[in-house]
Amino acid sequence: MDVVNQLVAQGQFRIIKQPLGFIKVLQWIFAIFAFSTCGSYSGMFKMSVQCKNRSESDLGIEVEFEYPFRLHQAYFNAPTCKGGNPDQVFLSGDYSSSAEFFVTIGVFSFLYSMAALSAYCFLLEKYRENNKGAQIDFVVTAVFAFMWLVSSCAWAKGLSDVKTATDPERVITDIPACNEPENQCREVYDPKVSGLNTSVAFGFINLILWLGNLWFVFKETGWMAAFSGTYVPSQEKQPAPDSFVQGGYGQQDPYAGSQGGYQPEYGQQGGYSEDGGYSQGYDQQPTSYSNQM
C-alpha cells in the first residue's frame, strides 16, 4: 500500500483534464467496447421443416454460431423427409480473419492507451524530455489510426457476409428436403446481430478518436515550432547576443567616445584679451576698471 500511495502522490492526474489525456481515456473505454461486443458474441436462428409425413417434421431447428465466425464449422441436423437419419447441414463461409483482426486491434489499443495514460500521469517529464516520447507517441497513434480504419472496414464487410450466411431464408435453400415441393420450410426468427452492428460503430468511433488525437500529440512533438523556425532543443541553448553583456546592454554611447561629436572641455582657457585676442579662460578673474584707469 505504501508503494501505491507513493505513486498516487507523485502522479500528475491533471493531464487527464487536458485534451491529450482525456482523449486517451476515451480511447481506452471505446477500445473495450469494440473488442468486447465483437469477441463475446454468440447468436442463434431458428427454422422449421414440415415434411409431407408430419411424423418426420422438425419445427424447431436451432442453428448456433459465435465468434470468430468460422461458419463452415457450424452445422445442424435437418430431416430428410424420406425416413432414416437426418442430414447434417453446414453453414458456409469463414469470416474469422476480419473478426480476429478487429478484436486484436481493439485489445492492443486498450493496452497502449493504458500504458500512455500511465506515462502521462507518472512520467510526464520524461515524456516531454527532448520531445522523444511525444514523437514516439505520435508515430504509434498514427499507426493505430490507420489500423482502426483498415480493421473497421474489413469487419464491416465481414459482418455483412456473416449476415448473409446466417440468413435463415438462404440457409433453407441448403437443406435437401426443402427443395421438394411437398415439404414446407420457413424461418422462425432471425439472429440478433445488434451487438455486432454496435461493434462496427465502436470501430469507427475509435478511428475518429485516434485521428483527432493526432493533432494534440503533434503539438507535443515540437515539430510545428521546428517548421516555423522557432524551436530550440532543450539541451542546446543559443548564445546570448553580443549586445547583451553583464551590467547592461553594453552599447557604447556615440557621444561619449573620443571620436566624433562635440565634447566641450570646461577647463580650457580662452576668451578675449585686451589686445582683441581670444585668450581669456573661463576661470580667469574679470579685469577691474579701476586698474585700467
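Straight-line reach from Lys52: which lysines have a Cα under 23 Å away, not including same-chain ones fewer than 8 places off? The qualifying lysines are Lys82. Under the definition of Cα pairs under 8 Å and six or more residues apart, what whole-number percent is the relative contact order of the stretch 8-220? Reported relative contact order: 32 percent. Accessible surface for Tyr189 stands near 90 Å², nearest 10, in the context of the full protein assembly shown (1.4 Å probe). Take Ser97: with every protein chain present and a 1.4 Å probe, its accessible area is about 90 Å². Send over the Kirkwood Rh of the stretch 8-220, from the inverse of the averaged 1/r over different Cα pairs, rounded to one decimal Å. One decimal place: 19.8 Å for the Kirkwood radius. Here the stretch 28-98 and the stretch 134-151 have alpha carbon centers that stand 37 Å from each other. Asp167 contributes an accessible area of around 60 Å² to the protein surface, as traced by a 1.4 Å probe with all chains present.
The values are calculated or read from the model by the stated rules, or taken from the named source; none is laboratory data. Bear in mind the structure is a predicted one, so any value in this text is a computation, not a measurement. Please note that ligands, DNA and RNA were not included when accessible areas were found on the heavy atoms of the full protein model with its side chains. Shrake-Rupley method; radii C 1.70, N 1.55, O 1.52, S 1.80 Å.
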